[in-house]
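The values are calculated or read from the model by the stated rules, or taken from the named source; none is laboratory data. Predicted model, so just to flag it, every value in this text is computed and none were measured. Virtual Cβ from ideal backbone geometry, glycine too; neighbours counted across all protein chains shown. These accessible areas exclude ligands, DNA and RNA; they are computed on the full protein's heavy atoms, side chains included. Shrake-Rupley method; radii C 1.70, N 1.55, O 1.52, S 1.80 Å.
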Amino acid sequence: MKLQEHASLCDLTTLALPATARWLATLETSDDLEALRCDPRWAGQPRLVLGGGSNVLFTCNFDGLVVLNRLRGIEVVDEGESWLLHVAAGENWHELVRTTLERGMAGLENLALIPGCVGAAPVQNIGAYGVELARVCAYVDTWRWSDGQTERLDASHCRFGYRDSLFKHEYQESHLITAVGLRLPKVWQPVLSYGPLAALGDKASAQAVFDIVCATRMAKLPDPAVLGNAGSFFKNPVVALGLAEGLKTIYPSMPLYPAGEGQAKLAAGWLIEQCGLKGFAIGQAAVHQEQALVLVNRGGATAHDLLALARHVRDTVVERFGVELEHEVRFMGARGETSLREVMG
């Protein structure tokens, strides 16, 4: 286990904002867990587990222990009608999607090019192009900080919701995700309901879906290695059906998707774009010119720049549409998770 004190977090998050951690530990094997749990240097201090850092904004320096989850390993079991993958939490998500497809195991192709590690996937219940992790998740393995006990949660107990799960609530502070189980049926069923995928029709194949998803994401979303960003900054808002239908009457071109009884999902990027905010900047933080759902660090941005920009976007959308956007990106304060409203009002 590698341990650093007063370590920079700038290169460990895709937003690349300046911030430090009181302690930074790199977790490489399960044997490191007990040493982490028992070390008195961070007893009583806040903890944060970090994977690829693709969905985190540090609002200030973190006054505690940041654990880089670098547990590796993939095991595949042939269950007859499906493949069961046991994937360590530190594996790269997109590489997993690509590798499984190359090995003839389809089912993850809609989720290609989502940045981050496998261990972060159940926390956010990652999703794209009509597919969420919950569709293929079999279980999540966890380790408990208080006593070092392991626990396997069936997917039905993970409380998956829209960009939500048990791991963002009760288990956020108490448990560390060590592995995720994914079940991929051998009889492939394409999901083509979103965006350019619908054009595939009868010509659909898992590889074709993968290729289109990758091409679409690369065309719309900036590469974090070139332009700091955390992907989609805001959630697509789920609102009352009456409000959605009223807005649709005023804005006939507004995208609208069913979201359960009495509710509808709106496209946050479309709302932001209609407010004329593409390219709008505060300091070195800006709304991306091509994809309004993405806030970027143009180089040298501070956390305050990003926070002020996020607040401006939220307030502008509320003023025009009466819909309040919630950030998908997790905000981390000095001692734990916080929110835009808590930090900026």
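Computed values, structure above
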item	result
Heavy-atom accessible area order for S205, S30, S165, largest first, 1.4 Å probe	S30, S205, S165
Environment charge at E91 (Cβ cut-off 14 Å; Lys +1, Arg +1, Asp -1, Glu -1)	-1
Average Cα contact separation per residue, the stretch 8-65, under 8 Å, 6 or more apart, as relative contact order %	50 percent
Between the stretch 106-170 and the stretch 178-225, the Cα center-to-center distance that results, in Å	18 Å
Rounded FRET efficiency, nearest 0.05, which uses the C-beta distance separating E79 from T338 and R0 of 41 Å	0.45
Percent RCO, i.e. relative contact order, over the chain, from Cα pairs under 8 Å lying at least 6 residues apart	17 percent
For the chain, the spread of Cα positions along each principal axis, largest first, Å	60, 53, 37
Out-of-range pairs (alpha-carbon distance over 27 Å; input K2/K235; K203/K278; K220/K265; K2/K220)	K2/K235; K203/K278; K2/K220
Average accessible area per residue (Å²) across the stretch 138-186 - probe 1.4 Å, nucleic acids and ligands excluded	45 Å²
Computed over the stretch 302-345: relative contact order in percent, which uses C-alpha pairs under 8 Å that are six or more apart	32 percent
Pairwise FRET efficiency - K278 versus H6, Cβ, R0 = 35 Å, nearest 0.05	0.35
Estimated 222 nm signal from helices in the chain, with DSSP H stretches of n ≥ 4 weighted -39500 (n - 2.57), rounded to 500	-6500 deg cm²/dmol
Solvent exposure, largest accessible area first (probe 1.4 Å, DNA, RNA and ligands not counted), of M344, M218	M218, M344
DSSP H segments from the chain that extend 30 Å or more along their own axis, Cα-based, with Kyte-Doolittle mean of 0.0 or above	none
Projected label distance in nm at A215 and A198, using a 7 Å step from Cα toward the beta-carbon	1.8 nm
Accessible area of R47 in the full protein assembly, 1.4 Å probe (Å², nearest 10)	80 Å²
With every protein chain in place, the stretch 1-53: carbon and sulfur % of accessible area (1.4 Å)	47 percent
Calculated P(r) of the stretch 91-224 - Cα pairs past 24 Å, %	32 percent
For V123, net neighbour charge (Lys/Arg +1, Asp/Glu -1) across residues whose Cβ lies under 12 Å away	+1
Distance in nm between pseudo-label sites at T249 and A208 (7 Å out along the Cβ direction from Cα)	4.1 nm
Within-11-Å neighbourhood charge of Q45 [Cβ basis; K, R +1; D, E -1]	+2
Ranked order, V191, V317 - accessible area, probe 1.4 Å, largest first	V191, V317
Of all accessible heavy-atom area on the stretch 74-175, the percent that carbon and sulfur account for (1.4 Å)	46 percent
Residue-level accessible surface for H175, protein heavy atoms, 1.4 Å, Å²	20 Å²
At R0 = 30 Å, FRET efficiency that the Cβ-Cβ distance of R72 and T302 yields, to 0.05	0.35
Share, in percent, of DSSP beta bridges within the chain that are antiparallel, nearest 5	80 percent
